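Structure, as C-alpha cells:
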C-alpha cells in the first residue's frame, strides 16, 4: 500500500519569510555537504550532485537549527552518504521545524554504538532529538545502532518521515533493554511515518519494523514487510504505552520473531488500525500475530490472514473492537492455541466480520467475553445476524478474499452478501485520503462498489475503476490510455 513520493527540485528565488534564498551547490561550490549547510542561511537550499559522499563533512550532518533544504539533484539511488561506520548520517537536535527538509539521499554504514548513552546509541542513519524536520524520499540502509537503527526519534518532536525506505539495518548487541526499533524507534515523542517501506531490519529484542514507546504515532500507507526480525516480539510494529496512535492503509506481512507477536506487539496503549492487510507473519514459539495487553484497539476493514495464530491474542484488560474484518487461514503451530481470536481477562467485539478457515477453531481462551453480531463465524456463535456458512472466497491476481458473486462471473453467491448490520454507505473508516465508506469499496472481483446492506468482511478500497492503490490491470491500462491521449492532444 505504500506510495511513491514524487518531487522535482525547482530553485526558489524568494523563500517566504526569509527574502532572497540562495542555492548552494555541492560539490561545485562546496566540497562537502556540511560546508554547504554551514554556508546557508534560513530559506536556502543545499543542492547535492549525484555521487557517493564519504569522510568528515559528509557524515554526522548538522543543520544547526537552520530552516534549510538539503536536496539531491537526482534522488537517493544516485546520491549516497556513506558513513563508513564512523558516525551516524544526520543529527537533528537544534529545534529544526517541518520546513527543514532532507530529501533524496541514501544513508548507509552509519553507526551509533555508544549504548551507554541515549544520544550515542540511537539512530545509525538519522537521529532526531527535540526537532521536527521532514525526511523525504531517503533510503536508510545497512546502518548499525543500539536502538532506532535506521531512524531514532525522541523528545519534544513531531517529524514527518515520508516516502522513505528503511531496510537491512542491524542492531548492535548490548543488553536486554536495548536493541528496540530496528527500523524506526520513537521514544517519548510524536511522529508521522507515511508511505514508507520498512523491511529486513533485524537483531533487536523487539520491534523489527517500527517501535513507539510513550509516544503518539501516525503510520500511514506503509509496507512493513519481508522479514523484519526482532529476537523476541513485535516483528512489524510495537506500541508500548502509546496514546492516540493510528496505523492506516498499511501492509504488515512476512515478518518473523524469535518468540511472539510476529506482526504487532501492543501494550498499555490505545490505537486505531484501519484498512490494513496483516498476513503471513510467523512466530515459531509462543506464537501469535498480534499480541495485545491492557490496551484499547479499534480495527476497521482489516484483512488478517495466514499468520501463525491466534491472529489476535488479547490479555490483561484489553478491549478490541473489529468492524468489517476478515480473519482467515490463521493456524496453530503446535505450541500456540491457534485460531482467529484468543481472549484472557479481556474482551473482543466483532460486527460485520468473517471468521473462517482458522485452525483448530475460531475462538480460544475465555470465549465468554467474545461477542459477535452480523458475522459469519465457522462453528457458529450466538448473536444477532450471525451465520455459520462457507463465505465462498474468491481471488484475482494480487488480491484475495473477495466474495463469490454470480454478477461478477462466479458460479454462486456468497451468503455474506447484503447480510451485514446496516447500509454500506453508513460504515466509514479512516484511510490515507480521509474517511472512506463501504459504498466506495468492494467485495466483488469486478470492482463494482458495495451498495445497499453492507456485505460482511473486508472490502477492497475502490476508486471507480479498480483498487486503491490502482495496481489492477484495468487501472494500469486506463492510465496508459490516458497518457497516450494526452500525448496525442499535445501533438495537435
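Bear in mind these aren't lab numbers, they're just calculated from the coordinates by the rules spelled out. Bear in mind that the values here come from a model prediction, so they are computed numbers and not experimental data. No Cβ is skipped: glycine too gets one built from the backbone with ideal geometry, and neighbour counts run over all protein chains shown.
For 426, 414, the sequence from fewest to most other C-beta atoms within 10 Å is 426, 414. Per residue, the convex hull around the alpha carbon atoms of the range 376-415 comes to 74 Å³. Taking square-rooted eigenvalues a ≥ b ≥ c of the alpha carbon gyration tensor, is the range 250-308 rounded, prolate or oblate, where a/c under 1.5 means rounded and, failing that, a/b exceeding b/c means prolate? Because a/c hits 1.5 or more and a/b fails to exceed b/c, the range 250-308 counts as oblate. Relative contact order, whole percent, for the range 393-474 stands at 25, derived from Cα pairs under 8 Å and 6 or more residues apart.
Each label was represented as a point 7 Å from its Cα along the Cα-to-Cβ direction; for residue 384 and residue 74 these points are 6.4 nm apart.
Here the mean projected area of the convex hull built on the C-alpha positions of the range 226-330 is 5.3 nm².
In nm², what is the average projected area of the convex hull enclosing the Cα atoms of the range 271-426?
Values: hull surface 36.8 nm².
The directionally averaged projection comes out at 9.2 nm².
Over 15 Å, how big is the tail of the calculated P(r) for the range 187-226, in percent of all Cα pairs? Summing the P(r) of the range 187-226 above 15 Å gives 43 percent of all pairs.
How large is log10 I(q)/I(0) at q = 0.20 Å⁻¹ when the Debye formula is applied to the Cα atoms of the range 23-137, each weighted equally and without solvent? Scattering profile of the range 23-137, log10 relative to I(0): -1.04. Neighbour counts of other Cβ atoms within 10 Å put 390, 313 in the fewest-to-most order 390, 313.
Sorting 80, 453 by the number of Cβ atoms found within 10 Å of their own Cβ, with the fewest placed first, yields 453, 80. In the range 393-474, one over the average inverse separation of all distinct C-alpha pairs is 12.7 Å, which is the Kirkwood hydrodynamic radius.
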